Amino acid sequence: MQYLYTLLLVFHILSAILGVGPVFLFNKILKRAETVEQLRYAHHIVEKLNRNANYSFGIILVTGLLMGWMNPYLFRTEWYIASLILFFISGLYAIFAVEPLLKQMQGITSNQSVSSKISTEYKMLFQRKQSRDMVANLIAVVIILLMVIKPVF
């Protein structure tokens, strides 16, 4: 049983690295684009990475809950419960606060001609997305710290 738990833990950590890690880079990828054509390609990359991140978040949730099921003591620890709550808050925040902006930005990019400059509307949305991403990234860092430090409140 210990081997299965360890295997779940490995999948949990790898999914966090492969799923959460790239999410921290989305804005850097989008910010580097200087033309509409580059921006379209940047959005294509972000879209692929975002899809992979969503799968990883699913694996993170399932493995985390399975580890809790295998070790029910976890459901009595504050760090585990706080991590689960923050994970759900983070997911809802991403779905309702970040994803709509990203979709709007993609729509603007796909409707612009390749020869035109990046629109001011796009730039304004990007700034809003950056501030919202800071909140989402902060939540992710807090979850990671909770899982590493395992504090007792």
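The values are calculated or read from the model by the stated rules, or taken from the named source; none is laboratory data. Small disclaimer: the values here were computed from a predicted structure and weren't measured. Neighbour counts are summed over all protein chains in view; Cβ atoms, including those assigned to glycine, are modelled from backbone coordinates with ideal geometry. Heavy atoms of the whole protein, side chains included, go into the accessibility calculation; ligands, DNA and RNA do not. Shrake-Rupley method; radii C 1.70, N 1.55, O 1.52, S 1.80 Å.
Kindly identify segment 27-99 as rounded, prolate or oblate by the Cα gyration tensor criterion: order the square roots of the eigenvalues as a ≥ b ≥ c, call it rounded if a/c is under 1.5, otherwise compare a/b with b/c, prolate if a/b is larger, else oblate. Let's see the in-between values first.
On the way: a/c = 4.09, a/b = 2.80, b/c = 1.46.
Taking the square roots of the gyration eigenvalues as a ≥ b ≥ c, segment 27-99 is prolate.
Compute the FRET efficiency between Arg128 and Gln38 as 1/(1 + (r/R0)^6), taking r as their Cβ-Cβ distance and R0 = 25 Å, and round to the nearest 0.05.
On the way: r = 21 Å, r/R0 = 0.83.
Efficiency computed from Cβ-Cβ geometry: 0.75.
With each run of n ≥ 4 DSSP H residues scored as -39500 (n - 2.57), what mean residue ellipticity at 222 nm is computed for the chain after dividing by its residue count and rounding to the nearest 500 deg cm²/dmol? Intermediate results must be reported in sequence, preceding the final value.
Working: 6 runs with 123 residues, N = 153.
Value at 222 nm, helices only, nearest 500: -28000 deg cm²/dmol.
Which ³J(HN,Hα) values in Hz, rounded to whole numbers, follow from the phi angles of segment 39-53 under the Karplus curve 6.51 cos²θ - 1.76 cosθ + 1.60, where θ = phi - 60° and Gly and Pro get x?
So the J values, rounded to whole Hz, are 5, 4, 5, 4, 5, 4, 5, 4, 4, 5, 5, 5, 4, 5, 4.
So, taking all protein chains as they sit and a 1.4 Å probe, how much accessible area belongs to Met147, in Å² rounded to tens?
Counting only protein heavy atoms, the figure is 60 Å².
Please compute the net charge surrounding Phe57, taking Lys and Arg as +1 and Asp and Glu as -1 over other residues with Cβ under 13 Å from its Cβ. Present the calculation step by step, with values, prior to reporting the outcome.
Numbers: positive: Arg51; negative: Glu99.
Combined, the nearby Lys, Arg, Asp and Glu give 0.
Over segment 1-125, average the accessible area per residue using a 1.4 Å probe and give it in Å², no decimals. Don't skip to the end; give the middle numbers.
Values: 7940 Å² over 125 residues.
With all protein chains present, segment 1-125 gives 64 Å² per residue.
What does the C-alpha gyration tensor say about the overall shape of segment 1-68? Classify as rounded when a/c is under 1.5, otherwise prolate if a/b is larger than b/c, or oblate. All intermediate terms of the calculation are to be shown ahead of the outcome.
Numbers: a/c = 4.77, a/b = 3.74, b/c = 1.28.
Judged from the Cα gyration tensor, segment 1-68 comes out prolate (a/c at least 1.5, a/b above b/c).
Give me Rg/Rg_expected for segment 103-145, where Rg uses Cα atoms only and Rg_expected = 2.2 N^0.38 Å with N residues.
On the way: Rg = 14.2 Å, N = 43, 2.2 N^0.38 = 9.2 Å.
After normalising by residue count via 2.2 N^0.38 Å, the value is 1.54.
Using a 1.4 angstrom probe with every protein chain in place, what is the largest-first accessible-area order of Glu121, Glu47, Glu34? Don't skip to the end; give the middle numbers.
Details: Glu121 110, Glu47 85, Glu34 150 Å².
So the residues, ranked largest to smallest area, are Glu34, Glu121, Glu47.
In µm²/s, what is D for segment 4-153 at 37 °C and 0.692 mPa s, where D = kT/(6 pi eta Rh) by Stokes-Einstein and Rh is the Kirkwood radius from Cα pairs? Don't skip to the answer; put the middle values down first.
Working: Rh = 16.7 Å.
Here the translational diffusion coefficient equals 196 µm²/s.
Taking the full set of protein chains and a 1.4 angstrom probe, give the accessible area of Leu65 in square angstrom, rounded to the nearest 10.
My reading of the accessible area for Leu65 is about 70 Å².
With a 1.4 Å probe and all protein chains in place, put Leu14, Leu49 in order of accessible area, largest first. All intermediate terms of the calculation are to be shown ahead of the outcome.
On the way: Leu14 85, Leu49 50 Å².
The ordering from most to least exposed comes out as Leu14, Leu49.
Of the heavy-atom accessible surface of segment 62-153 (probe 1.4 angstrom), what whole percent is carbon and sulfur?
Working: 4130 of 5770 Å².
It is 72 percent, rounded to a whole number.
So which residue, out of Tyr73, Tyr41, Tyr93, gets the largest mean-square fluctuation from a GNM of the chain using Cα contacts under 10 Å as springs?
Of Tyr73, Tyr41, Tyr93, the Gaussian network model singles out Tyr73 as fluctuating most.
Around Lys129, what is the net charge, scoring Lys/Arg as +1 and Asp/Glu as -1 over all other residues with Cβ under 13 Å from its Cβ? Walk me through the intermediate numbers first.
On the way: positive: Lys28, Lys31, Lys103, Lys123, Arg128, Arg132; negative: Glu99, Glu121, Asp133.
Around Lys129, the charge tally is +3.
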